[in-house]
Every structure is written in structure tokens, then in C-alpha cells.
Amino acid sequence: MSGRGLTSFRRWRLCVAALLCFVPAAASAQNLMAPQAAVPVTVPLTPGTGTPGATMASPVPLAPPSSPPVAQVTPIVPAGHVALAVAARYGRDAPAISGGLIWRVYAAKADPTGVFRLVKEDRGAAPTFILPPGSYVVHASLGLASAAKAIQLRADTVREMFDIPAGGVRLEGRVGDVRIPPGQISFDVYPGSQFDTSNRRPLAQNVITGDVVLLPEGTYYIVSNYGEANSVVRSDVRVQAAKLTDIVVTHRAAALTFKLVNEAGGEALANTQWTVLTPGGDVIKESIGAFPRVVLAEGDYHLVARNSGKTYQRDFKVITGVDGEVEVLAR
């Protein structure tokens with residue numbers, strides 16, 4: 001290779017390396033990579049077999065091990081173009097990924113504004129791109145997992161297999177053996193272990209019951225929020241490539257409705273301000289209304305009700321799974 005050719009080749013490699021570093025960093029600003037993937041992705045899955053009350057069921061395959069390889073059909077290629085056929089799998093000797101993929105092809109060199117131009121996009125399992133000869137970077141994403149390759153197209157058809165070692169978690173919450181309704185509980189997913197105290201942002205937020213979150217193989221911790229007060233549970237989980245793991249998070253809590261009444265069993269007084277505190281005086285929850293509903297973790301509490309310039313108080317105890325009413329007498 002001549003000195004000029006070697007220099008051009010090195011420049012091309014530097015451009016590719018810059019793009020591979022640039023894409024993840026700029027995803028949120030320029031929407032290049034698809035962490036729309038931060039939204040849970042729905043894929044065909046085999047149901048889990050977890051028993052009630054289990055924290056984590058045995059993982060099941062994301063795709064049947066015997067699934068046939070994804071067929072790649074090369075279309076007619078017009079003159080002056082090259083076919084690039086791509087497909088993805090969960091890893092070496094792992095099943096092919098049959099859905100939920102987002103493919104993006106970028107120019108390998110940034111334009112004068114510093115942006116790597118998006119050339120083509122496809123959401124098929126095994127698309128074939130027809131492109132002019134040249135250098136490109138192909139990015140494949142599955143949920144929050146992804147892979148990228150630098151591709152050089154010359155004259156012959158190029159076929160590339162991408163390994164995306166992703167796994168899934170499907171979440172639900174319970175109190176005892178009772179399933180918490182989806183609208184009352186949500187989950188946040190963070191990288192690493194809960195015992196790592198470094199500041200981190202969640203990978204996925206407000207995940208609802210039954211959603212499948214697809215993640216790169218590794219360790220994560222789940223923060224489960226039942227209600228909007230203090231019933232919070234943290235759990236470490238391990239995501240395995242090509243596997244779906246059902247996670248059941250058990251809360252020790254109860255849902256209570258507060259009432260300020262003139263007599264036991266009487267009508268609730270409207271426009272009441274409520275404050276729930278710990279025995280030590282820490283504020284847990286504040287609300288306004290005649291019948292506020294609050295989910296609280298098991299334990300002892302102090303309740304303050306304010307109405308028409310007057311203050312009323314009482315202590316109460318929360319027992320796991322015992323939902324009900326807490327009345328405060330306006331005396």
C-alpha cells in the first residue's frame with residue numbers, strides 16, 4: 001500500500017472509531033441510536049414458571065433453542081450499488097433474534113457540521129441494505145442492548161452477523177400472595193448492584209407490571225415503588241443472554257384511606273390537610289382531601305389532620321396486607 005493509501009486508511013479507521021464513541025454519547029441529543037430503547041420492548045416470549053412469592057424465577061429462553069436461522073434474501077442490486085445483508089443473534093452458538101431490532105446505517109465520515117449522517121434504517125429481523133460502495137457503520141439495537149460494526153462495501157455482497165448478548169426481565173409486585181395492580185406499582189432499573197453507592201442514572205424508569213425490559217447481559221438492581229410514599233424495595237438481579245427472568249418483588253405494606261369524622265363511622269370532612277409522620281417526627285406523606293388513599297410500609301405512624309384552622313392527631317399501625325380506613329375524630 002502506498003504512503004498516501006496508508007494515510008487514507010488510517011484516517012478512515014479514526015473516523016470509524018470516532019463514530020463508535022460518538023453514537024452512544026450523542027444518542028439523547030441527536031436521537032441517533034434509539035434509546036427509544038429505554039422504553040420497554042415487547043418481543044415474543046415463553047411464559048415464566050415462577051412460584052408465588054419467589055423473588056426470581058428460573059430464566060426461560062427468549063427464543064426457542066431450535067428456532068431456525070433467519071433467512072437472508074438478497075434482492076436485485078442495481079448497477080453501482082452493493083448489497084449488505086445483516087442479522088443478529090443473542091451470542092455465539094445462540095438463537096437468532098427474530099424481532100424487536102432496530103438497524104441504522106451511518107456514513108463513516110462526519111459531515112462539515114460534525115454529524116454522522118444516518119443513511120438508512122430498518123426494523124426487520126434480517127434486512128438487506130442496498131448502498132453505494134464505501135465505508136459505513138452499522139448499529140443494531142435490541143432494547144437497551146446494542147452492537148456496532150464498521151463495514152467496507154466494495155463490489156461483492158457483504159453478509160454480517162451481529163452478536164447482541166441481551167436478556168430480559170419481566171416484573172411484578174405482590175403483598176403476600178396478592179398481586180399488586182399494575183397502576184399502583186412501578187419499577188426503575190439501574191446498572192450494577194444496589195450496594196455500589198456511586199451516583200447513577202436509571203436505564204429504564206416507570207416500568208409497569210408485565211413489561212419486558214431487554215438489557216445487556218450483566219448485573220442490575222431494581223427499585224420497586226408501591227404507591228407514592230415509603231413502600232420501596234430494592235433487589236439485585238442477574239440478566240442472562242437469551243434468557244427471560246421473571247422477577248416478583250414482595251412489599252410489606254398496606255393501602256389505607258384517611259377520614260376526619262365528627263363521630264365514629266360518620267361522614268368524612270372535606271378540605272382536610274393530612275400529614276403522615278414517623279414516631280420520630282419525620283414526614284412521610286402529605287395530602288389534601290376527604291378520602292386520601294396512601295400506601296405505607298409496615299410499621300408505626302403518627303397522623304395529623306388539619307381542618308378549619310384546627311388540628312387533630314392520632315397514632316396508628318400498618319400491618320402488611322391489611323388494607324382499610326384510619327379515622328380521626330374531630331374532637
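The values are calculated or read from the model by the stated rules, or taken from the named source; none is laboratory data. The shown structure was predicted, so the numbers you read here are calculated from the model rather than taken from an experiment. Side chains are part of the model used for accessible areas, which takes the heavy atoms of the whole protein and leaves out ligands, DNA and RNA. Shrake-Rupley method; radii C 1.70, N 1.55, O 1.52, S 1.80 Å.
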Whole-number accessible area per residue in Å² for region 100-172, which is evaluated in the context of all protein chains at 1.4 Å: 41
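By its C-alpha gyration tensor, with a ≥ b ≥ c as the square roots of the eigenvalues, how is region 121-194 shaped: rounded for a/c under 1.5, else prolate for a/b larger than b/c, else oblate? Please list the in-between numbers first.
Values: a/c = 4.35, a/b = 3.18, b/c = 1.37.
Prolate, since a/c reaches 1.5 and a/b exceeds b/c.
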Three-way shape call for region 175-257 based on the alpha-carbon gyration tensor, with the a/c threshold at 1.5: prolate
Evaluated over region 82-124, the Cα radius of gyration and Dmax, each in Å: 13.8, 42
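Would you please classify the overall shape of region 246-290 from the alpha carbon gyration tensor, given that a ≥ b ≥ c denote the square roots of the eigenvalues, rounded means a/c under 1.5, and beyond that prolate means a/b larger than b/c while oblate covers the rest? Please list the in-between numbers first.
Working: a/c = 2.60, a/b = 1.72, b/c = 1.52.
Taking the square roots of the gyration eigenvalues as a ≥ b ≥ c, region 246-290 is prolate.
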In Å, descending, principal axis extents of the Cα set of region 110-235: 63, 30, 24
Projected-area average for region 244-331 over all orientations - Cα convex hull basis, square nanometres: 6.9
